[in-house]
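Have a look at the structure below before the remarks.
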Amino acid sequence: MKDLSATLAALREDYASHTLDESDTAADPLEQFNRWFGESLAAQVSEPNAMTLATVQSSGRPAARVVLLKGLSSRGFEFFTNYESAKSGELAGMPFAAAVLNWLPLQRQIRLEGRIERLGEAANDAYFAQRPYLSQLGAWASPQSKEVPGRQYLEERMEALRFRFPEGQSVPRPEHWGGFVLIPDKIEFWQGRRSRLHDRICYLLDGGSWRKVRLAP
């Protein structure tokens, strides 16, 4: 452990690939997000829609996990999950969340904070219908966040579902599966810079309008 701690303490990387100035950012943070996301695609960042989602447990303890951003609308950032999962229970008890997208090849991250709402049935059905067949079955097979006796239990459930919903036929969306939208009131764009003097441009929702501020690193 001592050797590992020394190794971790010695890790260094000076960021110098890009800069970020207030004058270079859009007035609307969702437009700015679109710009940066497009650049992440052009740079072929692996899994650019992976974001760490943080929630609050009933005990007050934070919890975090990586989910996939699967939609962006004028309301906010959309992701899908099992409504009976731990994260869904936490969001029901405290309907606020924070999320981070981290794009190391571009030395960038985006932080989101805001309230959470469920998506409607039509949006859930539309997204579920475009999922790959095995992902659709997985939504039925997994009692997400619940204890299971082993891997074989899940594989047997998947096999049974192959017979129940043969490939090529429509797979209905489980009632316990759907989406959430994170409706932001704070969005921060972080660009790594030399000497740890990073650029941080933060958008704050104030009276229905967005205002930009620069934060110290």
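Taken together, the values in this text are just the output of simple stated rules run on the coordinates, not laboratory data. The shown structure was predicted, so the numbers you read here are calculated from the model rather than taken from an experiment. Backbone-built Cβ (ideal geometry, glycine too); neighbour counts: all protein chains shown.
For the reader, a short list of remarks on this structure follows.
- Spatial offset of region 109-138 relative to region 30-89 amounts to 10 Å, using the alpha carbon center of each.
- Summarising the overall dimensions of region 101-217 from its C-alpha atoms, the Rg and Dmax are 20.9, 59 angstrom.
- Take the chain and mark each of the trypsin sites (Lys or Arg not before Pro) that is in a DSSP loop with at most 10 other Cβ atoms within 10 Å; the longest unmarked stretch, sites excluded, is 13-145.
- Short-range pairs are left out: with C-alpha atoms under 8 Å and at least six residues apart, the relative contact order of region 13-214 is 28 percent.
- Of Ser142, Ser88, Ser73, Ser209, the sequence from fewest to most neighbouring Cβ atoms within 10 angstrom is Ser209, Ser73, Ser142, Ser88.
- Cross-link partners for Lys87 among the aspartates and glutamates, with Cα-Cα distance under 14 Å and sequence neighbours closer than 8 places in the same chain left out: Glu117.
- From least to most packed, judged by other beta carbons within 10 angstrom and beginning with the fewest, Thr52, Thr81 follow the order Thr52, Thr81.
- Exposed loop sites here are GluC sites (Glu not before Pro) assigned a DSSP state other than H, G, I, E or B and surrounded by at most 16 other beta carbons within 10 Å; excluding them, the longest clear run of the chain is 14-83.
- Cα-based reach from Lys146 at 16 Å (exclusive), listing aspartates and glutamates while leaving out same-chain residues under 8 positions away: Glu84, Glu90, Glu155
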